[in-house]
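A short worksheet on the structure shown next.
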Amino acid sequence: MTPAPVDRAQRMPAHAAAPAIWDWRYGVGDDKTQALYKKAVSEQWQADHLNWAYVIDPARGLLDPGRDTFIDAEFLRPLGASQREEFVALCVADTLSQILHGEQGALLVSCQLAQSLPDKDAKLFAAAQAMDEARHIEVFSRYVRRLRQVFAPAATLCRVLDKVVSARHWQAQLVGMQIMVEGLALANFSKARAATNCDLLRDLLKFVMRDEARHVAFGNHYLKTILSDMHPDDRAEVEDFAVEMVKAYRGWGRDPEDMAGIFANLIQVGVDPLDYLARLKANLAANGSIDLAPKMMQGLEAIIMPGLKRVGLITDRVRHCYLADELDSAADARTLEDLEKSLLA
């Protein structure tokens, strides 16, 4: 059994009623949105700016195994050097493949938003974001193919992207993409860039993070005004959408389908997945619990929850939903604000 590569296109549903809204005014609009659009235009970059001659060496720590439950350092220690390098390379390619698929989701949604957003300046920003996402697809696909083949999207990722692409309200699409998907990506990219020993990946992430920070800043800014103008019933739907998205992220890695990739990688390097599961069970018995998605929780707590709070989506009506999932509904926004300041300066 070998890890499943992507070998075909897949049709995913989109909401048929997504409106095409024209703005005939072309006048001076929102200053912050205009500033973010101009920054996007001035900061365009090309994939060829990166040093693609750099030799990617899996032995030099592409990503930190200690930050990923599945690539556990204790588990890797008994493996031979070649087994360990192959396993890490496969897992990193799988992880970056999921990022690559998320970038395609961001491209599709930004194109939808360019059609649906009601204001000229917001449309221009969405169009600039589409160009950013196209570039991200190019660089991540080039990197992953240098490392291994592109892996198929994980089951939970497909469900998350489907929720965003098919959302009934474009306001929900903004929440799902700008706050949730882009926010989590920004948090994970920041940690990965600090941990990797690969100069090419570090430089790639530097450029991508700068783009993602603009996307998150636009969503946080634009949604504050737009949500307050919605009909209460429609706004309640967006609040419920945010709760559903957080639950989907909270459960990432707990779906047996999400483990298909890790099992395939184990078999590829000659390790019995049943032995690996036995180690996970031993970990569970020793520690009382096992967090299958530590990066996901860090991103939820540091970036997504503060973003939802800032735009006013953690209301009294839904606050108990987040508390039930052990997420702080009064989240501290300092990490989000520090990232924005450093990347948008």
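Every number here is computed from the coordinates shown, using simple stated rules; none is lab data. Please read all numbers here as calculations on a predicted model, not as lab measurements. Reconstructed Cβ throughout: ideal geometry from the backbone, glycine too, with neighbour counts over all protein chains shown.
Below is a table of values for the structure above.
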quantity: Protection proxy ranking of 40-51, 172-183 - average other beta-carbon atoms within 10 Å, highest first; calculated: 172-183, 40-51
quantity: Cβ-based net charge around residue 224, under 13 Å, with every Lys or Arg adding one and every Asp or Glu removing one; calculated: +2
quantity: Extension gain, residue 142 back to residue 237 (0.36 nm per residue minus Cα-Cα distance, nm); calculated: 30.3 nm
quantity: Ranked 206, 281, criterion: other C-beta atoms within 10 Å, fewest first; calculated: 281, 206
quantity: Summed side-chain charge close to residue 167 - residues other than residue 167 whose Cβ falls under 12 Å, Lys, Arg +1, Asp, Glu -1; calculated: -3
quantity: Angstrom value of the Kirkwood radius, inverse mean 1/r, which spans all Cα pairs in the stretch 87-164; calculated: 13.3 Å
quantity: Cα-based convex hull, the stretch 196-282, per residue volume (Å³, whole number); calculated: 158 Å³
quantity: Residues 305, 209, 245, sorted so that the one with the fewest Cβ neighbours within 10 Å comes first; calculated: 209, 245, 305
quantity: Test item: Cα-centred dipole of the stretch 70-344, Lys/Arg +1 and Asp/Glu -1 on Cβ, debye; calculated: 480 debye
quantity: Footprinting exposure proxy for 274, 200 (fewest neighbouring C-beta atoms within 10 Å first); calculated: 274, 200
quantity: Per-residue ³J(HN,Hα) for the stretch 299-309, Karplus 6.51 cos²θ - 1.76 cosθ + 1.60, θ = phi - 60°, Hz, x for Gly and Pro; calculated: x, 4, 6, 8, 10, 6, 4, x, x, 5, 5
quantity: Pair residue 131, residue 52: separation of 7 Å Cα→Cβ label points (nm); calculated: 2.0 nm
quantity: In sequence order, calculated HN-Hα J values of the stretch 195-205 (Karplus, 6.51, -1.76, 1.60; Hz; x Gly/Pro); calculated: 9, 6, 9, 8, 4, 5, 5, 4, 5, 4, 5
quantity: Cα Rg, Dmax, the stretch 70-344, angstrom units; calculated: 19.2, 61
